[in-house]
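A quick write-up on the structure given underneath.
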């Protein structure tokens, strides 16, 4: 299941960074951050249940481990082996997985994931922008561009709430997030701008997933209120908490 932890973690990171890049293109003016409102993420009504997580972990074969002291290195994440995954995940399972990330540079917390019967997926949580440099030490990403976008938005917070609604899919490692709505804080991004840069966000997510050894996606889709994943994932993930 940590298989899916990584796919969801990286996809949501891609969404978070992509959101900021998109908003940065819009040329917001100083003082806009005061419009963001609440510092709490949206409540999607999905509880983070440790019992659900325990069952999910028991049903899967991917091993999670902690890197011994002195072996963390600059990145704090290692991947070993490969396992085939063909499984469906509901909202409670995805929410439990999202909140089980123990890596010190996880860029999202207090997360909720809701998979809807109409094929859409909603994600809410807090994005930790102060962890960007640590994340970038392990996964190549356009840090300079992200910082420029944050500066353009006149934002200097360590965390901000994020909300994304879309209809994610993937075939042969080609990602389509099909974003319908994005909010940073409580401020919605204009949909025409989201649509304009949708391809760039998809490409960013693909670039992040491509950096995970042993990971591949034959297909990803949403059906019957569940996320359907068919692909491969590293058999063991070790992190520095």
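Residue 72 falls short of the stated requirement of being over 19 Å from the mean Cα position of the chain (by Cα), surrounded by fewer than 18 Cβ atoms within 10 Å (Cβ to Cβ) and at pLDDT 80 or above.
Scanning segment 175-188 for residues that are in contact with a helix residue (DSSP H, G or I) (Cβ under 7 Å, 6 or more places away or on another chain) and either over 23 Å from residue 124 (Cβ atoms) or surrounded by fewer than 20 Cβ atoms within 10 Å (Cβ to Cβ) (or both) yields 176, 187. When the test is whether a residue is under 12 Å from residue 226 (Cα atoms) and either within 12 Å of the chain's Cα centre (by Cα) or at pLDDT below 85 (or both), residue 77 does not pass it.
Taken over segment 13-57, the criterion of being surrounded by fewer than 16 Cβ atoms within 10 Å (Cβ to Cβ), in a helix (DSSP H, G or I) and either in contact with a helix residue (DSSP H, G or I) (Cβ under 9 Å, 6 or more places away or on another chain) or modelled with pLDDT of 75 or more (or both) is satisfied by 25, 50, 51, 54, 55. For segment 204-222, give me each residue that is in contact with a strand residue (DSSP E or B) (Cβ under 8 Å, 6 or more places away or on another chain) and not in a loop (DSSP other than H, G, I, E, B). Answer for segment 204-222, where residues must be in contact with a strand residue (DSSP E or B) (Cβ under 8 Å, 6 or more places away or on another chain) and not in a loop (DSSP other than H, G, I, E, B): 205, 206, 209, 216, 217, 218, 219, 220, 221, 222.
The values are calculated or read from the model by the stated rules, or taken from the named source; none is laboratory data. Source: prediction; values computed, not measured. Note that each Cβ is placed from the backbone with ideal geometry, even for glycine, and that neighbours are counted across all protein chains shown.
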